[in-house]
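J.: The structure's right below; bear with me while I get my questions together.
The values are calculated or read from the model by the stated rules, or taken from the named source; none is laboratory data. In this text the structure is predicted, and so the values were computed from the model without any measurement. Virtual Cβ from ideal backbone geometry, glycine too; neighbours counted across all protein chains shown. For accessibility, only protein heavy atoms count, side chains too; no ligands or nucleic acids. Shrake-Rupley method; radii C 1.70, N 1.55, O 1.52, S 1.80 Å.
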Amino acid sequence: MAEGRTIEGTIVGAASDQQGKTPLRRRGLWRRVSRLVGDALPKGLYARSLIIIIAPMVLLQSVIAYTFMERHWQLVTRRLSSAVTADIAALIDIYETYPQDKDAETLARIAGDRLNLDLDILKGAKLPPPGPRPFFSILDEALSEEIKKQIKRPFWIDTVGRSNLIEIRVAIPGGVLRVTARRSQAYASNSHIFLVWMIGSSMVLLGVAILFLRNQIKPIVRLSQVAESFGKGREIEFKPRGAREVRQAGHAFIEMKRRIERAMEQRTTMLNGVSHDLRTILTRFKLSLALVEQNPDVEDLRRDVDEMSRMLEGYLAFARGDSAEAAAATDMRALLEDLRTDVERLGAHVNAVTLEGRPIVTVRPDAFRRCLFNLAANAARYGDTVAIGGRVDGRSFLVSIDDDGPGVPAESREEVFKPFVRLDDSRQDAGGSGLGLAIARDIARTHGGDVSLHDSPLGGLRATVRIPA
């Protein structure tokens, strides 16, 4: 019994597991389908809003058009075709039942006067070979079905040869009966006016919707552009416009911008005061050392004071940044040539300076020059040969600085960007404050870009600066 309960429990457990896996599979399938649909849909707000407007309208118009075609156009056409076919069947019955005069002239007159049909008796003639059926013709389909149902004889019809007429030929004993009728007698010819009116009104409504939607999207796009420009340190005039919610978002952004600028101004003011006080004390130290008797101990103190001055300047520069500088269009070719001169003054050989693409990029000139100089000085400190290159890559501008020094291990390349961090065998500011690379990355990020380290073709390290072009 125990063994039986174990087997039964195993079966029940397996069934439960299977039932549990089924919803998970469905959920996974639904996620994949949702992801595929999301990838296929446009990503922009304007395009998605248009789809929200257009898709229901197209669906509604399709349903209306299908209902109209199915319930009205086809129904009216079939009834008209049935009436014309009934008239032709009656003429055939009269022709075969009652004696006729020569060439059935009386019957042709009655058909023309009473039924608006042109009737001819082609004695000894045969039906023409069947021609190709039109691709989409409700009249051809409806008329053929009615003739098969009511007349039940071999026939031939032409609904496309003459645009305003249709020709019907029916086999009779001894020849062919040919009937010509106006297309309007068997076909609802004015139904297309409804479709044209429906499509035309839809186009007008879509045009109005697109016009108003574009005006609603413009303030959102403008707000995103201003926010991006502010993140890059560029100043752009902005006045909130558009719907109430968009204006509220714009005013919130302006208030946030003011708070950030006020905080940065307060920090800069405090740092200027701190730097003034500390520089005053260091100046007193230097004067005191100049007045005492010179000996090796005094010389060591003087070097310590100079080192403290340099470290102070580095700390203040890192904390203050260069956010007060305005962005301007800068010639990168001239900036890279100046960088070559600075590197050569440090004692390194500049192998090459290359520039590909448009040389004018909007940056804060002094800050960006300092960013590149920190990287180039680091390269010159550890390498004998330096190569500098700039190029446009899509919507970004890249500057690469290569050297033939010892490089930095891949696992330590992010560590060297941290302030005050120095690795024993690394390249980060030996004998300095440990802020050169941190300042360089901070300046690049305030421009909306970044700094990354890679292996250099020269055998050392490559520092790459990427900023928006």
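J.: Is there any pair with a first residue in segment 107-127 that is farther than 15 Å from Asp93 by Cβ and a second that is open to solvent by 80 Å² or more (accessible area, probe 1.4 Å) and part of a helix (DSSP H, G or I) whose Cβ atoms are under 9 Å apart and which are 6 or more apart or on different chains, and what are they?
T.: Once the first residue is farther than 15 Å from Asp93 by Cβ and sits in segment 107-127, its partners that are open to solvent by 80 Å² or more (accessible area, probe 1.4 Å) and part of a helix (DSSP H, G or I) give Asp120/Asp103; Lys123/Asp103.
J.: Can you tell me which residue within segment 339-367, out of those that are within 36 Å of the chain's Cα centre (by Cα) and hydroxyl-bearing (Ser, Thr, Tyr), is nearest to Gly449 (Cα to Cα)?
T.: So the residue we want is Thr362.
J.: Which one of these is more than 32 Å from the chain's Cα centre (by Cα), at pLDDT 75 or above, open to solvent by 60 Å² or more (accessible area, probe 1.4 Å) and among the charged types (D, E, K, R): Arg462, Arg466?
T.: Arg462 is the lone residue from the list that is more than 32 Å from the chain's Cα centre (by Cα), at pLDDT 75 or above, open to solvent by 60 Å² or more (accessible area, probe 1.4 Å) and among the charged types (D, E, K, R).
J.: Regarding Arg391, is this residue open to solvent by 30 Å² or more (accessible area, probe 1.4 Å), assigned by the TED database to the domain that holds Ala377, at pLDDT 85 or above and basic (Lys, Arg)?
T.: Taking the combined requirement at face value, the residue satisfies it.
J.: Give segment 83-128 a look and list any residue that's closer than 30 Å to Ile193 by Cα, surrounded by fewer than 17 Cβ atoms within 10 Å (Cβ to Cβ) and of a type outside the set (Asp, Glu), or say none.
T.: Across segment 83-128, the qualifying residues are Ala83, Ala86, Gly112, Arg114, Asn116.
J.: Can you tell me which residue is farthest from the chain's Cα centre (by Cα) among those in segment 368-388 that are closer than 21 Å to Thr330 by Cα and open to solvent by less than 10 Å² (accessible area, probe 1.4 Å)?
T.: The qualifying residue farthest from the chain's Cα centre (by Cα) is Ala376.
J.: Now, a different point. For segment 176-183, does any single residue satisfy the condition of being out of contact with any helix residue (DSSP H, G or I) (no Cβ under 9 Å at 6 or more places or on another chain) and at pLDDT below 90?
T.: Yes, segment 176-183 contains a residue that is out of contact with any helix residue (DSSP H, G or I) (no Cβ under 9 Å at 6 or more places or on another chain) and at pLDDT below 90.
J.: Out of all the residues in segment 307-324, is one or more modelled with pLDDT of 85 or more and open to solvent by 70 Å² or more (accessible area, probe 1.4 Å)?
T.: no
J.: Somewhere in segment 209-230, is a residue among the acidic types (Asp, Glu) and more than 38 Å from the chain's Cα centre (by Cα)?
T.: Scanning segment 209-230, I find no residue that is among the acidic types (Asp, Glu) and more than 38 Å from the chain's Cα centre (by Cα), so the answer is no.
J.: Pick from Leu213, Leu206, Leu195: which is closer than 25 Å to Pro56 by Cβ, surrounded by 15 or more Cβ atoms within 10 Å (Cβ to Cβ) and at pLDDT below 80?
T.: Leu195
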